[in-house]
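The values are calculated or read from the model by the stated rules, or taken from the named source; none is laboratory data. Because the structure is predicted, anything quoted here is derived from the model rather than measured. Here the Cβ is made from the backbone with ideal geometry for all residues, glycine too, and neighbour counts use every protein chain on show.
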Amino acid sequence: MDRFHRAATALALDDQPTEALPMLAAQALADGIDTPALAELAACSRHDVPADLRDLFLQALHELSVPVPDRETAGLRRMNGTAEALLNGTRPPYEATYDLYWSACALPPSPARTKLITDLVWLWSSWEDRPADRPSIEQDMRRAAEEWLATDSGRMCP
């Protein structure tokens, strides 16, 4: 079900390609997850009308009891997932920091987000300007991710 939560988050952020939804549904059916809307969506072509694919996917999420988060919650979830990926080593620090920055910029301002944005801009600049210092800059990137996850915003969205 994790794939549906990720897709619902991406959908809320207008970042879920509708042409990928039929394959997502087909993979779910192959894995034994079956609902009427998933079956209908799996039978669609990736070239079908995007609004129709989106509507079927929303119906499938409803049938699976997977809520579509509001845009802010989706952004916070993405930020948390990115910070966790940076910390567990599944995303390179510079790439994860880039995504954290842009995700934070797309959300309404808060003190924690403003601090994170400021820290990340400095870290990026340092990364580009001081290649010899990249190991310590990566540590600072990890520290920024840890600090973000320790904020109220970072803790509120699992």
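Filter the range 109-134 down to residues that are of a type in the set (Asp, Glu) and surrounded by fewer than 15 Cβ atoms within 10 Å (Cβ to Cβ) and give me whichever is farthest from Glu146 (Cα to Cα). First the steps, then the outcome.
Of the residues in the range 109-134, the ones of a type in the set (Asp, Glu) are 119, 128-129, 133.
Still in the running and surrounded by fewer than 15 Cβ atoms within 10 Å (Cβ to Cβ): 128-129, 133.
Values: Glu128: 22, Asp129: 24, Asp133: 20 Å.
Among those that are of a type in the set (Asp, Glu) and surrounded by fewer than 15 Cβ atoms within 10 Å (Cβ to Cβ), it is Asp129.
Hey, could you check the range 44-59 for residues that are farther than 21 Å from Arg77 by Cβ and part of a helix (DSSP H, G or I) and say which is farthest from the chain's Cα centre (by Cα)?
Step one: filter the range 44-59 for residues farther than 21 Å from Arg77 by Cβ, giving 44-53, 55-56, 59.
Retained after the next criterion (residues that are part of a helix (DSSP H, G or I)): 50-53, 55-56, 59.
Values: Pro50: 21, Ala51: 22, Asp52: 23, Leu53: 20, Asp55: 21, Leu56: 21, Gln59: 21 Å.
Out of the qualifying residues, it is Asp52.
Quick check: is even one residue across the range 22-31 farther than 20 Å from Asp2 by Cβ and either at pLDDT 95 or above or outside the structural domain of Pro109 (by TED's automatic domain parsing) (or both)? Working first, answer last.
Keep residues of the range 22-31 that are farther than 20 Å from Asp2 by Cβ, which gives none.
No: the range 22-31 contains no residue that is farther than 20 Å from Asp2 by Cβ and either at pLDDT 95 or above or outside the structural domain of Pro109 (by TED's automatic domain parsing) (or both).
Does the range 41-54 hold any residues that are surrounded by fewer than 20 Cβ atoms within 10 Å (Cβ to Cβ) and under 10 Å from Thr18 (Cα atoms), and which are they?
Scanning the range 41-54 gives Arg46, His47, Asp48, Val49, Pro50, Ala51, Asp52, Arg54.
If you go through the range 90-108 one residue at a time, do you hit one that is within 19 Å of Ala144 (Cα to Cα), modelled with pLDDT under 90, under 12 Å from the mean Cα position of the chain (by Cα) and aromatic (Phe, Trp, Tyr)?
Yes, there is a match, as at least one residue in the range 90-108 is within 19 Å of Ala144 (Cα to Cα), modelled with pLDDT under 90, under 12 Å from the mean Cα position of the chain (by Cα) and aromatic (Phe, Trp, Tyr).
When the range 1-43 is examined, which residues are found to be in a loop (DSSP other than H, G, I, E, B) and not aliphatic (A, V, I, L, M)? Walk me through it before giving the result.
Narrowing the range 1-43 to residues in a loop (DSSP other than H, G, I, E, B): 1, 13-17, 31-35, 43.
Asp14, Asp15, Gln16, Pro17, Asp31, Gly32, Asp34, Thr35, listed by residue number.
For the range 55-80, how many residues meet the condition of being buried (at least 20 other Cβ atoms within 10 Å of the Cβ) and touching a residue at least 60 places away in the same chain (Cβ under 8 Å)? Working first, answer last.
Step one: list which residues in the range 55-80 are buried (at least 20 other Cβ atoms within 10 Å of the Cβ), which gives 56-57, 60-61, 74-80.
Among the residues that remain, those that are also touching a residue at least 60 places away in the same chain (Cβ under 8 Å) are: 74-80.
Matching residues across the range 55-80 total 7.
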